[in-house]
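Please read the structure below before turning to the comments.
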């Protein structure tokens, strides 16, 4: 399998000329092998240029996920919201801090991004490796419904997004309803769970799911 490379940055075969630096030849060959291995084993990874806002290369799975979550972005471009996160996290990494993940939600799934430097000593001149992992919300949502059978399907969905830290406005946008309707659902959730706050509702719900307790 081959990687999708930006045409202006694609790696070209290096002739085994005796005059070439053997270390350069080895490094180029090793990079090609690494790219092919990532693609062959189904890893979703891509390398971006911080200064140019471009994907320098990406595996087939990474390209597929990017198309799914960012349908309006060209295949070689880095979407603005993702680029803004990369810039922030690059500063954190240069300052010695661990970077945070970036998450894009397309209910019931979400795509998580983790940022890694291209080498151990730094960011390889503004190039960063992104590892993409897709997760499904279905399992947790089903567990919530089983642990709290008195909740309706919609109330369980609202509770799920409360656990994820979403506001009523956020939840309304995700579920295609108004913040006022979300608030009414939350009132019913609080009443059925016997709690008064979002934090208490989230803690109780997660406690039952993780503890395997079914109401």
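Can you tell me how much longer the chain between residue 110 and residue 52 gets when fully stretched, taken as 0.36 nm per residue apart minus their C-alpha distance, in nm with one decimal?
The residue 110-residue 52 span can extend by a further 18.2 nm.
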Segment residue 180-residue 91, length gained on full extension (0.36 nm per residue, minus Cα span): 28.1 nm
Chain lengthening between residue 103 and residue 73 when straightened (0.36 nm per residue, less Cα-Cα): 9.1 nm
Mean separation of Cα contacts under 8 Å (6+ apart) over length of segment 138-211, as relative contact order %: 34
Per-peptide average of other Cβ atoms within 10 Å, ordering 51-63, 192-204 highest first: 51-63, 192-204
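Read-outs throughout are calculated quantities, based only on the coordinates presented, and are distinct from any laboratory measurement. Predicted, not measured: the structure shown is a model, and the values here were computed from it. Ideal geometry is used to build each Cβ from the backbone, glycine not excepted, and the neighbour counts take in all protein chains shown.
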